[in-house]
Amino acid sequence: METPLSQLRAAVQAASAVVAGADVRSRTPPTLDQPRKPGFGDYATNAAMLLAPLAGVAPRDVAATLAQDLATRLETALDRVEVAGPGFLNLFMSDAWCVQALEHVLAAGDAYGGGGADPAQRIDVEFVSANPTGPMTAAGARHAAYGDALSRLLEFCGHDVTREYYVNDFGSQIRRLGESIQARARRDEVPENGYAGEYVVGLAERIPGAATDDVDAVAARGAQLLLEQIRASMQAMRVEFDVWFSEATLHDGDPSPVAHAFQKLDDEGQSYHHEGALWLSTSDHGDDKNRVLVRSTGEHTYFASDIAYHLDKIERGFDRLIDVWGADHHGYAGRMHAAFAALGQPAEALELVIMQFVNLVERGEATSMSKRRGDFVTLDELVEQIGVDATRFFMLQRSHDTVVDLDLDLARSQSSDNPVYYVQYAHARIASILAKAGAERVAAALDEAPSFAGALDPAERTLIKKLLVFGEEVQEAAARRAPHRIAAYALELAQTFTAFYRDCQVVGAEGEGVESLRLALGVAAQRTIARSLDLLGVSAPQSM
């Protein structure tokens, strides 16, 4: 879908092709950025400096030629163009162009900034996937917020997204849970490497016969109870999974999905037997060594389950798989990519996102968390302390590959220093302004604003330009798997609106069409803030 910015970029590209005397589309495209200083125009491009080597003349001379072409090409959209520094072109857009750009934003309605997926894909996003051996910790909140926000972004861009939780309900950690529950039921100490949290005592009390029943049955019941709690915690975080996939099912059936995966690897010539064990030739695909799938004892490795699970996803018809893993899985990524290649799949179809840790900070001191030791803050406790909105926003403020220090005191505060409060307050303020004007007046303003022919205030122009980049921020955030870009944009848009409201009276503004234009700007800003918050899974209140 064409936008005012994409049309402007196309004009710069077309002018560049004319000046260069050749098709330059295959070369590095020129930039089109907003200069930090208003005196340098609305947008600046480095097109002349990129073209100078092709044209064989000085960049400033190329810039002068480009300026003439753009002035003709853009006509009334361009107020003037200036050559600056070594050959930058500074574009000063007309007020009419800005008003038309606002009309574009308003005409798109709630769909503004969305779409554009080319091609649209079926994407599986697997996230959280914490073992059902304890309550969901506060650290899991980051995975939940990230995976859900990424899914929302991809859906808004036009992809078909499945949210999936991989339930690790098979293997030694589940048996250790059962042993720990049984020990507590007998009022004994938990075994070495068991689970010592107080929640284990609660499980022992809830499971009839926990002290004497078969340990595997106790483990299964304990894992089921914890999974029910995890489901409730996810719903409280506004996260709904389409699929809850049980690892245990990979080992059921004849043949089981694991056996099916082994057969496929054998058919592909990717596995072999050595010293009584089954191995996968992962070193042929970039791993540092080959990996065991079945030990000489006949026991399947965790890796075997993972391969079978990913083959199951592939056979469900997804075009792309995105796994969101914890920081402790960093060393595991290489072998998983190698296994994916061994299954005959293209490398780009599997993305492994490694999340970094979360530190909870209160009164300047960090809190460490360990599920096994039992000294952790649960997700439910975190949400109870600071709320869902603050939990999600603060978890999404930083890139997934950086550590988050979540300041609980700041997250609780109702002040402009609290970013989620600031953004939500801006949305509520706009709602109050529009309510003061009245629904009929706002509706009329939306009809009248596109015909505004006066001079724009600098604050109005700045707000329009900030609104215009939303679609590009969405596309960039989705492509880079970076929801934190939307959190940053939401805060910047709220700040830009606040500056506009400080400098420009809205209701009762004097001048022909001025009030209508500013009310329309308020509507566009409110919609875009609301959409930004929704992509983060954060509410947009009408009042605060």
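The values are calculated or read from the model by the stated rules, or taken from the named source; none is laboratory data. All of these numbers come straight from a predicted model, not from anything done at the bench. Positions of Cβ are backbone-derived with ideal geometry, glycine not excepted, and every protein chain shown enters the neighbour counts. SASA here: full protein model, heavy atoms, side chains in, ligands and nucleic acids out. Shrake-Rupley method; radii C 1.70, N 1.55, O 1.52, S 1.80 Å.
For an R0 of 45 angstrom, estimate the FRET efficiency from the Cβ-Cβ distance between V403 and E510 and round to the nearest 0.05.
Step by step, r from the Cβ atoms, then E = 0.30.
Using only Cα atoms and rounding to the nearest 10 degrees, what angle (0 to 90) does helix 95-108 make with the longest principal axis of the chain? The two axes meet at around 40 degrees. The coefficient of translational diffusion for the range 1-81, derived via Stokes-Einstein from the alpha carbon Kirkwood radius under 20 °C and 1.002 mPa s, stands at 165 µm²/s.
Measure nothing fancy, just the Cα-based angle from helix 215-236's long axis to the longest principal axis of the chain, in degrees from 0 to 90, nearest 10. Its long axis makes an angle of about 20 degrees.
The residues of the chain expose, per residue, 45 Å² of accessible area to a 1.4 Å probe. Relative contact order, whole percent, for the range 99-246 stands at 28, derived from Cα pairs under 8 Å and 6 or more residues apart. Taking amide H positions as modeled 1.01 Å from N, with prolines and chain starts lacking one, the residues under 5 Å from G326 and 5 or more places away or on another chain are M355. Computed 3J(HN,Hα) for the range 509-516, one whole-Hz value per residue from the Karplus formula 6.51 cos²θ - 1.76 cosθ + 1.60 where θ = phi - 60°, is 4, 8, x, 5, x, 5, 4, 4, glycine and proline marked x. Taken over the C-alpha atoms, the range 1-156 has Rg and Dmax values of 21.7, 69 angstrom.
Phi angles across the range 468-480 convert, under the Karplus curve 6.51 cos²θ - 1.76 cosθ + 1.60 with θ = phi - 60°, into 3J(HN,Hα) values of 5, 7, 4, x, 5, 5, 4, 4, 5, 5, 5, 5, 8 Hz, Gly and Pro given as x. Straight Cα distances below 19 angstrom link K289 to the aspartates and glutamates D266, E268, E275, D306, with same-chain residues fewer than 8 positions distant left out.
Could you tell me the relative contact order of the chain? Use alpha-carbon pairs under 8 Å, at least six residues apart, and round to a whole percent. The normalised contact order for the chain reaches 15 percent. Model label sites at E198 and S432, defined 7 Å from Cα along the beta-carbon direction, differ in position by 4.1 nm. For the chain, the fraction of 1.4 Å probe accessible surface lying on carbon and sulfur atoms is 47 percent.
Relative intensity of the chain on a log10 scale, I(q)/I(0) at q = 0.07, 0.08, 0.10, 0.11 Å⁻¹, equals -0.54, -0.68, -0.95, -1.06, per a Debye sum over C-alpha point scatterers of equal strength in the absence of solvent.
Here the Karplus curve 6.51 cos²θ - 1.76 cosθ + 1.60, taken at θ = phi - 60°, turns the phi angles of the range 169-181 into couplings of 9, 9, x, 5, 5, 6, 5, 5, 4, x, 5, 5, 4 Hz, with x standing for Gly and Pro.
Taken along the Cα-to-beta-carbon direction at a fixed 7 Å, the label points for Q7 and F357 span 5.2 nm. In the range 140-212, the C-alpha radius of gyration followed by the widest Cα-Cα span (Dmax) gives 18.4, 55 angstrom. Using a cutoff of 8 angstrom between alpha carbon atoms and counting only pairs six or more residues apart, the relative contact order for the range 226-379 works out to 18 percent.
Sorted by packing (mean other beta-carbon atoms within 10 Å per residue), highest first, where do 344-356, 389-401 land? All intermediate terms of the calculation are to be shown ahead of the outcome.
Values: 344-356: 15.2, 389-401: 22.9.
Ranking the peptides 344-356, 389-401 by packing returns 389-401, 344-356.
Label separation (H330 vs E75): 5.7 nm, computed from points 7 Å beyond Cα along the C-beta direction.
Amide H to amide H distances under 5 Å link D405 with N359, where only residues 5 or more positions off or on other chains count and H is placed in the peptide plane. Taking packing as the residue-averaged number of other Cβ atoms within 10 angstrom, the listed peptides 303-311, 408-416 run from highest to lowest as 303-311, 408-416.
For S413 and A236, calculate 0.36 nm times their separation in residues minus their Cα-Cα distance, and state this gained length in nm to one decimal. Can you show the working numbers first?
Details: separation 177, 0.36 × 177 = 63.72 nm, distance 2.12 nm.
Length difference between fully extended and current span is 61.6 nm.
Computed over the chain, the per-residue total of -39500 (n - 2.57) for DSSP H runs of n ≥ 4 gives a 222 nm mean residue ellipticity of -16000 deg cm²/dmol, rounded to 500. Computed from Cα atoms, the angle from the helix 333-342 axis to the main principal axis of the chain rounds to 80 degrees. Is any residue of the range 335-359 close enough, with backbone N under 19 Å, to a label point placed 7 angstrom from the Cα of D266 along the Cα-Cβ axis, and if so, which? Counting only backbone N, you get 342-344.
Taking a straight Cα-Cα cut-off under 17 Å and skipping sequence neighbours fewer than 8 places away in the same chain, the lysines within cross-link reach of K466 are K37. For L78, the amide hydrogen comes within under 5 Å of the amide hydrogens of S94, counting only partners 5 or more places away or on other chains and with H modelled in the peptide plane.
Can you tell me the order of 110-120, 142-152, 89-99 when each peptide is scored by its average per-residue count of other Cβ atoms within 10 angstrom, highest first? All intermediate terms of the calculation are to be shown ahead of the outcome.
On the way: 110-120: 15.3, 142-152: 25.5, 89-99: 20.5.
Per-residue Cβ counts within 10 Å, averaged per peptide and sorted highest first, yield 142-152, 89-99, 110-120.
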